[in-house]
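Visitor: This is the structure I have questions about; it appears just below.
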Amino acid sequence: MEKYSDEELVAFSEKFYQSLRDNPEILTDKTKGMMPYMIQYNWLVSYQTVEGIERILTQMDNRIKNNSNMRFSIDDLKLFYAEFEEEFTLFFEELRLFSSQKLLTL
């Protein structure tokens, strides 16, 4: 995903997880509880693939008491992946431009 960042996702994820470990006092109890699983299963890196998103949605669906059928949304992701990617790319470019302009005013 070099088109969105110069930093590799694995390196970014490791730094992010380390920042969580280094700053437990600012984390909610809920975040502290799920942090070991987030790190063990490397959630941030797994989100880069459709299979990883599908796994997470299935796990979330299983945890929700009323069956939300969230896992089936992966079918729409697969069906409309190109459209979602195009929309995200447009949004990301707008975000990049906005951020660059905002930094000039700070």
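Visitor: Counting chymotrypsin sites (Phe, Trp or Tyr not before Pro) as exposed when in a DSSP loop with at most 12 other beta carbons within 10 Å, what is the longest stretch of the chain free of them?
Guide: 5-79
Visitor: Determine the dipole magnitude for the chain: charges of +1 sit on the beta-carbon of Lys and Arg, -1 on that of Asp and Glu, nothing else is charged, the reference point is the Cα centre, and the result goes in debye to the nearest 20.
Guide: Using Cβ point charges on Lys, Arg, Asp and Glu, the chain gives about 600 debye.
Visitor: Can you give the longest run of the chain that contains no trypsin sites (Lys or Arg not before Pro) sitting in a DSSP loop with at most 14 other Cβ atoms inside 10 Å?
Guide: Segment 4-64 is the longest.
Visitor: Moving on to the next point. Of (i) 2, 13, 27, 27, 19, 9, 3, 0; (ii) 2, 10, 13, 16, 18, 19, 15, 6, 2, 0; (iii) 2, 9, 9, 11, 14, 13, 12, 11, 7, 5, 4, 2, 1, 1, 0, which one was derived for P(r) over Cα pairs in 5 Å bins from 0, in percent from the structure shown?
Guide: Computed from these coordinates, P(r) over Cα pairs in 5 Å bins from 0, in percent corresponds to label (ii).
Visitor: By how many nm would the segment from Ser46 to Asp29 grow when fully extended, if each residue of separation counts as 0.36 nm and the alpha-carbon distance is taken off?
Guide: Stretched fully, the Ser46-Asp29 segment lengthens by 3.8 nm.
Visitor: Mind checking the per residue accessible area of the chain for me, 1.4 Å probe, whole number of Å²?
Guide: Per-residue accessible area for the chain comes out at 81 Å².
The values are calculated or read from the model by the stated rules, or taken from the named source; none is laboratory data. Only a predicted model underlies this, so the values are computations on that prediction, with no experimental measurement involved. Note: ideal-geometry Cβ built from the backbone for every residue, glycine included; neighbour counts use all protein chains shown. Heads up: the accessible areas ignore ligands, DNA and RNA and are worked out on the full protein's heavy atoms, side chains in. Shrake-Rupley method; radii C 1.70, N 1.55, O 1.52, S 1.80 Å.
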